[in-house]
1. Could you tell me whether segment 65-75 includes any residue that is at pLDDT 95 or above, aliphatic (A, V, I, L, M) and touching a Ser or Thr at 6+ places or on another chain (Cβ under 9 Å)?
2. Is it true that some residue in segment 131-139 is in contact with a Lys or Arg (Cβ under 8 Å, 6 or more places away or on another chain), over 30 Å from Leu287 (Cβ atoms), without any contact (Cβ under 8 Å) to a residue 24 or more places away in the chain and outside any helix (DSSP H, G or I)?
3. So, in segment 282-308, how many residues would count as being farther than 28 Å from Ala264 by Cβ and open to solvent by 40 Å² or more (accessible area, probe 1.4 Å)?
4. Just the residues that are in contact with a helix residue (DSSP H, G or I) (Cβ under 6 Å, 6 or more places away or on another chain) and of a type in the set (S, T, N, Q), please, taken from segment 163-211.
5. May I ask you to list pairs of residues, at least six apart or on different chains, whose Cβ atoms are under 6 Å apart, with the first in segment 301-324 being over 22 Å from Thr91 (Cα atoms) and among the acidic types (Asp, Glu) and the second being in a helix (DSSP H, G or I) and open to solvent by 80 Å² or more (accessible area, probe 1.4 Å)?
6. Give the number of residues within segment 39-50 that are open to solvent by 50 Å² or more (accessible area, probe 1.4 Å) and not aliphatic (A, V, I, L, M).
7. Just one of the numbered conditions (1) under 18 Å from the mean Cα position of the chain (by Cα); (2) within 24 Å of Thr237 (Cα to Cα); (3) modelled with pLDDT of 95 or more is not true of Ala92; which one?
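The values are calculated or read from the model by the stated rules, or taken from the named source; none is laboratory data. Just so you know, these numbers come straight off a predicted model, no measurement behind them. Glycine also receives a Cβ, built like all others from the backbone with ideal geometry; neighbour counts cover every protein chain displayed. Surface areas here come from the heavy atoms of the whole protein model, side chains and all, with no ligands, DNA or RNA. Shrake-Rupley method; radii C 1.70, N 1.55, O 1.52, S 1.80 Å.
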Amino acid sequence: MIARRTALGAGLAAAAFPLREALAAYPERPIRWIVGYAAGGGTDILARLIAANMSARLGQPIVIENRPGAATAVGAEAAARAAPDGYTLFTAGNETLIFNPNLYRRLAYDPSKDFAPIGLMARFHLVLTVRKDSEARDARDLLERARTRPGTIAYGSPGVGSPHHLAMERVARETGVTMNHVPYRGMAPVLNDLMASTLEAAVVDAAAGGETLRSGRVRPLAVCAPQRLASLPDVPTVTEALGLPRFEAYAWQGVVAPARTSDAMVSRLSQEVATALQDPAVRNRMLEIGLEPLMGGPAEYARLIADERAVWDPVVKSLNLNLD
């Protein structure tokens with residue numbers, strides 16, 4: 001029996017040795033970080049900020065690969081099919097993990113089985129916005145115009161099923177109005193069309209649109225948070241502007257790896273993400289551009305997913321949106 005235990009222990013130690021050796025040498029080549037939106041938006045900005053900080057310590061470049069489409073489903077599929085070797089990361093937020101399973105009957109990825117949570121990164125504040133020369137004086141006026149002229153007001157979003165899209169749909173449903181949704185491939189082109197006055201309205205995230213919101217190139221009407229934002233102190237909340245009680249909507253994001261990535265590799269990457277978020281330069285930059293840092297490793301990430309599903313699953317289902 002002792003001999004068998006000794007042999008078993010030696011076998012386990014031998015099996016663990018290659019993993020320890022690989023982890024010690026990691027990374028030996030560039031790491032790919034997939035982002036499910038086009039370059040220039042808040043998601044892309046956040047990934048590049050965290051990746052640059054991590055790369056400086058890891059000694060290898062982290063290359064951002066933008067794969068926009070289908071509310072991040074295109075990028076999610078690519079990440080889910082990647083080798084679980086620590087060389088592919090993916091930005092996964094509430095659109096990927098919470099909204100898409102309620103919006104699509106068929107997904108090319110399984111949000112519960114195909115990813116290993118690494119760590120949380122940030123929460124994006126959302127702002128109901130119109131072009132600067134819009135006839136709408138305030139949020140109530142915009143919705144009243146939509147009520148009296150159903151289907152004539154178009155609003156843009158960075159993608160079908162994005163938090164921005166669903167926040168606007170929720171506002172429309174709760175106020176009993178109809179607007180035309182125009183999906184784009186990222187937040188940057190939405191802002192471009194708002195500034196060019198070819199688009200009437202959008203829900204803009206403060207990270208991608210912060211400077212345009214503050215400079216007056218577009219006009220913020222209401223923030224989708226329970227309190228006013230320090231960066232936009234004169235802009236009322238949706239509850240204040242429209243009388244919708246307890247209205248709250250955010251985009252939040254973390255980073256995941258393909259499922260079956262080793263626990264040791266997930267732990268290493270989680271530590272790297274946490275270290276980046278604790279860097280004063282990174283935190284200050286995030287706050288400066290309207291991002292609220294979110295700390296938490298795999299356990300906290302999994303807990304947030306469960307909590308968000310409990311809140312949003314019934315809300316999204318009540319909207320009767322089917323994107324197949």
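1. No, segment 65-75 contains no residue that is at pLDDT 95 or above, aliphatic (A, V, I, L, M) and touching a Ser or Thr at 6+ places or on another chain (Cβ under 9 Å).
2. Yes, the conditions are met somewhere in segment 131-139.
3. Residues that pass the stated criteria total 5.
4. Result: Thr175, single match.
5. none
6. Number of matching residues: 1.
7. With (1) under 18 Å from the mean Cα position of the chain (by Cα); (2) within 24 Å of Thr237 (Cα to Cα); (3) modelled with pLDDT of 95 or more applied to Ala92, the lone miss is (2).
Quick grid of which residues meet (1) open to solvent by 10 Å² or more (accessible area, probe 1.4 Å); (2) farther than 14 Å from Met187 by Cα; (3) assigned to a helix (DSSP H, G or I):
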site: Arg29; (1), (2), (3): yes, yes, no
site: Tyr37; (1), (2), (3): yes, no, no
site: Ala52; (1), (2), (3): yes, yes, yes
site: Gln60; (1), (2), (3): yes, yes, no
site: Glu65; (1), (2), (3): yes, yes, no
site: Pro68; (1), (2), (3): yes, no, no
site: Ala71; (1), (2), (3): no, no, no
site: Gly75; (1), (2), (3): no, yes, yes
site: Ala79; (1), (2), (3): no, yes, yes
